[in-house]
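Asks: Input: one structure, supplied below.
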Amino acid sequence: MYFHGLFLLLLSTLALSNGNTLQGTIDIKRLQNILQENVKSKDITALYYSIKGLAELNADIPNICENLKTIKYDTKNIEQVFQLANAAAISNCQNSLKPDVINPATQLLEKKDATIPDIYHAVYTLRAFGKGSVYDKEDALKNLIQLLKKDDSPANYGYVFALCEHMGCGAWTASHAEGVLLAADESDSKALHFEGGLPVTANLLGSIQRTYKNLKKPSPLTEEQRYKFAEYLLSRRSVNTPKGASLLIEAATALADDVPSPISIAIKGKKYITSDSDTIEFSISDLIGRPVKFLKPEEVVAQSGTRLADDVVVLSKQPLTQKANEPTTFVLNLSKIKAQYGLYKIALSAGTKTANVNVAVLGEIQVTSVEVGIGDVDGTTSPKLTTVAYPNKLTEKLQADHLQKVTLKFSVRDKYNKAVLVQQAFVRVATASGDHETIFVAEPDNAKAYKVELNVGGIAKHLNFVSGGYSLTMYLGDSAVSNPIAWHIGEVLFNFGKDANAVGAPVTSAPATYRGLLPEIAHIFRSPEARPPRLVSDVFAAACAAPLLLLLLLWARLGLNMRNFPLTPSALVFHVALGASLGLYGVLWLQLSMFDTMRYLLPLGALTFLSGHRLLRRLAHDKATR
Ligand SMILES: *[C@@H]1O[C@H](CO)[C@@H](O)[C@H](O)[C@H]1NC(C)=O
């Protein structure tokens with residue numbers, strides 16, 4: 001399947017490389033479904049475009065008069081008034097609406113500052129109710145030309161061209177259409193559209209096409225313009241609103257009705273042949289999928305077919321056959337080249353137009369057997385050979401050590417038993433779990449016989465020196481082969497000698513391709529240094545405490561002198577508070593947090609300060625009186 005995917009990718013990038021024809025069509029059926037789903041919409045815009053699109057396709061329009069009576073719209077928005085009036089006109093429901101729905105249009109035309117879009121919507125609103133003649137031809141065109149001088153955007157030209165269809169100034173349109181077409185914007189030098197996108201492009205293409213048809217004049221679009229506008233419409237083909245669908249139908253029909261109409265040449269269905277199905281179908285149609293007008297079936301010819309690999313021409317001037325009951329489907333019979341698989345380029349012409357199309361001839365490959373040999377690297381002994389037939393496996397497990405090599409020889413043949421080369425021929429050596437694997441490319445010799453040599457000592461490093469059982473699998477594939485082969489040939493036991501690790505034993509260095517869990521990372525803290533003996537630390541602690549001891553001893557010898565201690569409440573309070581502060585300091589060391597300590601210290605500090613102040617004043621006073 002993988003090979004198939006690759007092949008289809010290749011084909012889709014190669015297929016249909018030409019700028020001469022279209023490579024697809026606009027799916028009118030899908031657009032019609034969108035319109036039919038919205039024909040009863042409660043939204044006036046969706047409803048109007050659904051009705052308009054269905055009318056363009058000549059499809060059945062259901063009765064929507066009741067719906068129109070109750071639908072909500074903004075009487076101040078002339079575009080919505082226009083949509084209501086025209087939806088009613090297309091579905092013959094004018095009598096269901098009140099006559100005054102057109103009043104906004106009459107009022108607008110009396111205004112001096114009406115813009116071109118306003119005028120267009122107003123005039124076509126009145127026209128829907130049979131009152132279009134209010135807009136007088138001569139003066140009206142002069143007025144529109146004045147307005148165009150202020151804003152000559154393609155959108156405005158589109159409205160004026162459409163108004164001319166109504167007013168009968170088609171000749172003016174004809175004298176300006178070519179200039180307007182030249183103002184279209186080009187993107188990627190392959191698509192043309194007008195500023196304003198699909199609405200403006202559809203409006204202009206539609207009105208130009210209708211006007212020229214009325215005048216019985218050939219279309220002003222050059223062939224290049226036709227194809228480029230068609231490319232733009234194809235890029236918009238995935239629209240999913242009724243408005244988009246309706247506009248796309250209008251524009252695409254206008255282009256498809258143009259003569260000569262742009263042609264689409266595309267492969268229908270599969271882009272390859274196999275030995276069972278030897279034909280490729282092409283769809284040749286106009287932009288909206290109808291048979292191409294004036295194209296005779298015998299004018300559809302494969303001018304040439306070239307093999308991409310070597311540019312050999314394999315077919316020329318082969319006519320296609322038109323499929324019965326499917327006038328747009330043409331069948332190319334490639335049975336002549338089905339034996340030579342590969343990619344081919346077909347130049348297909350329909351009338352004067354030619355498209356280059358890439359197709360593939362898918363072949364089938366087969367491999368009947370593989371010869372597996374085990375011998376010494378230095379070639380001193382003749383190798384032991386075992387032949388395995390496809391799709392069997394080796395009956396016994398082979399064994400090879402680091403002084404030996406394993407050789408695989410096989411040839412790939414096509415369906416007709418001719419030896420062929422394929423783009424991909426590999427042998428994979430892997431453990432059952434897939435943890436260790438390596439892949440070798442099989443090289444063909446001049447006789448197209450493939451050979452792989454596995455030098456056991458040499459491949460050891462690709463398998464991380466893990467000795468043990470490995471499976472051998474052969475893979476054969478090609479972008480033009482319909483049956484890629486994966487063949488499990490069997491097991492082989494490799495012994496990588498003294499450097500080896502046994503399968504299953506932990507690998508000392510984790511290889512770059514190691515897929516399992518890596519060992520958990522554990523952090524070990526440095527062990528603490530040894531402490532001094534207990535005696536040393538006790539002596540040191542005593543030495544630190546000695547000065548305090550000395551102080552107490554000296555105090556004991558001198559005795560306490562309390563003569564100057566004033567026995568007043570303030571002195572008492574001061575000393576108690578000071579002592580409590582020191583006590584609190586001790587408690588901080590033992591259990592309190594800093595914030596708790598601060599909370600206790602604050603009142604205590606204030607008390608100490610006040611009583612201290614009082615005490616000192618008293619002492620100073622005592623000294624002075626003495
Ligand atoms: C294609 O042509 C070959 C040989 O002319 C014929 O045998 C085969 O039936 C044709 N294939 C189809 C599908 O017509």
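Asks: Can you give the FRET efficiency to the nearest 0.05 for W555 and D596, using r as the Cβ-Cβ distance and R₀ = 30 Å?
Replies: Values: r = 33 Å, r/R0 = 1.10.
Calculated value: 0.35.
Asks: Sorted by packing (mean other beta-carbon atoms within 10 Å per residue), highest first, where do 414-425, 522-533 land? Can you show the working numbers first?
Replies: Numbers: 414-425: 15.0, 522-533: 5.9.
Top of the packing list down: 414-425, 522-533.
Asks: Which of the peptides 475-487, 58-70 is most tightly packed, and how do the rest follow, judged by the mean count of other Cβ atoms within 10 Å per residue?
Replies: By packing density, highest mean first, the sequence is 475-487, 58-70.
Asks: Measure out, as a whole number of angstrom, how far apart the alpha-carbon centroids of segment 323-388 and segment 440-490 sit.
Replies: 21
Asks: Would you work out the relative contact order for the chain, in percent, from Cα pairs under 8 angstrom that are 6 or more residues apart? Walk me through the numbers before you get to the answer.
Replies: Numbers: 1018 pairs, mean separation 60.4, N = 626.
RCO, the chain: 10 percent.
Asks: About the Cα centre, and with charges only on the beta carbon of Lys, Arg (+1) and Asp, Glu (-1), how big is the dipole of the chain? Nearest 20 debye, please. Each step should come with its number before you reach the end.
Replies: Working: 65 positive and 58 negative charges, 478 e Å.
Its charge dipole is roughly 2300 debye.
Asks: Right, here's the next one. Want the number for K323 to N417: 0.36 nm per residue separation, take away the alpha-carbon distance, what's left?
Replies: On the way: separation 94, 0.36 × 94 = 33.84 nm, distance 3.45 nm.
Fully extending the segment from K323 to N417 adds 30.4 nm.
Asks: Return the whole-Å distance between the Cα centroid of segment 559-616 and the Cα centroid of segment 254-285.
Replies: What the calculation gives is 107 Å, centre to centre.
Asks: Right, another one. If the convex hull of the alpha-carbon atoms of segment 130-186 is projected onto planes in all directions, what is the mean projected area in square nanometres? The partial results should precede the final answer.
Replies: Values: hull surface 16.9 nm².
With every direction weighted equally, the projected area is 4.2 nm².
Asks: Between T568 and H613, what is 0.36 nm times their sequence separation minus the Cα-Cα distance? Round to one decimal in nm. Please list the in-between numbers first.
Replies: On the way: separation 45, 0.36 × 45 = 16.20 nm, distance 1.32 nm.
Result: 14.9 nm gained on full extension.
Asks: What 222 nm value per residue comes from the helices of the chain, counting each DSSP H run with n ≥ 4 as -39,500 (n - 2.57) and dividing by all residues, nearest 500 deg cm²/dmol?
Replies: Values: 17 runs with 249 residues, N = 626.
Result for the chain: -13000 deg cm²/dmol, rounded to the nearest 500.
Asks: Could you list M474, M598 in order of exposure, starting from the residue whose Cβ has the fewest other Cβ atoms within 10 Å? Don't skip to the answer; put the middle values down first.
Replies: Numbers: M474 22, M598 13.
Arranged by neighbour count, lowest to highest, M474, M598 become M598, M474.
Asks: Hey, another quick one. What list do you get for D538, D401 if you sort them by fewest beta carbons within 10 Å?
Replies: Numbers: D538 10, D401 16.
In increasing order of surrounding Cβ atoms, one gets D538, D401.
Asks: With only Lys, Arg, Asp and Glu charged, each at its Cβ (+1 for the first two, -1 for the last two), find how big the charge dipole of segment 264-361 is about the Cα centre; round to the nearest 20 debye. Write down the numbers at each step before the final one.
Replies: Values: 13 positive and 9 negative charges, 26 e Å.
Charge dipole of segment 264-361: 120 debye, to the nearest 20.
Asks: Hey, with R₀ at 41 Å, roughly what FRET efficiency would L182 and E299 work out to, going by the Cβ-Cβ distance, to 0.05? Write out the running numbers ahead of the final one.
Replies: Values: r = 33 Å, r/R0 = 0.79.
It comes to 0.80.
Asks: Okay, next question. As a footprinting exposure proxy, order C164, C544 by other Cβ within 10 Å, with the fewest listed first. Walk me through the numbers before you get to the answer.
Replies: Working: C164 22, C544 9.
In increasing order of surrounding Cβ atoms, one gets C544, C164.
Asks: Could you order peptides 614-622, 456-464 by the average number of other Cβ atoms within 10 Å of their residues, highest first? Don't skip to the end; give the middle numbers.
Replies: Values: 614-622: 12.9, 456-464: 17.9.
Ranked by mean Cβ neighbours within 10 Å, highest first: 456-464, 614-622.
Asks: Here is a further query. Taking one equal scatterer on every alpha-carbon of the chain, how large is log10 of I(q)/I(0) by Debye at q = 0.05, 0.06, 0.11 1/Å?
Replies: -0.58, -0.66, -1.11
Asks: I would also like to ask the following. Using the Cα centre of the chain as origin and beta-carbon charges of +1 (Lys, Arg) and -1 (Asp, Glu), tell me which of T473, F609, I102 is placed farthest towards the positive end of the dipole.
Replies: F609
Asks: Looking at the calculated P(r) for segment 564-626, what percent of the C-alpha pair distances fall above 16 Å?
Replies: On the way: 981 of 1953 pairs.
Taking all Cα-Cα pairs of segment 564-626, the fraction more than 16 Å apart is 50 percent.
Asks: Using a Förster distance of 60 angstrom, determine the FRET efficiency expected from the C-beta separation of E371 and K190, and round it to 0.05.
Replies: Working: r = 56 Å, r/R0 = 0.93.
E(calc), rounded to 0.05, equals 0.60.
Asks: Hey, rough spin-label estimate for L535 and K397, points 7 angstrom out along Cα→Cβ, what's it come to in nanometres?
Replies: 6.9
Asks: Counting Lys and Arg as +1 and Asp and Glu as -1, each charge on the Cβ, what is the dipole of segment 564-626 about the Cα centre in debye, to the nearest 20?
Replies: Numbers: 6 positive and 2 negative charges, 68 e Å.
Value, rounded to 20: 320 debye.
Asks: Compute the distance from the alpha-carbon center of segment 178-205 to that of segment 77-107, in whole Å.
Replies: 30
Read-outs: derived from the displayed coordinates by stated rules, not from any lab. A quick note: this is a predicted structure, and the numbers were derived from the prediction, not measured. No Cβ is skipped: glycine too gets one built from the backbone with ideal geometry, and neighbour counts run over all protein chains shown.
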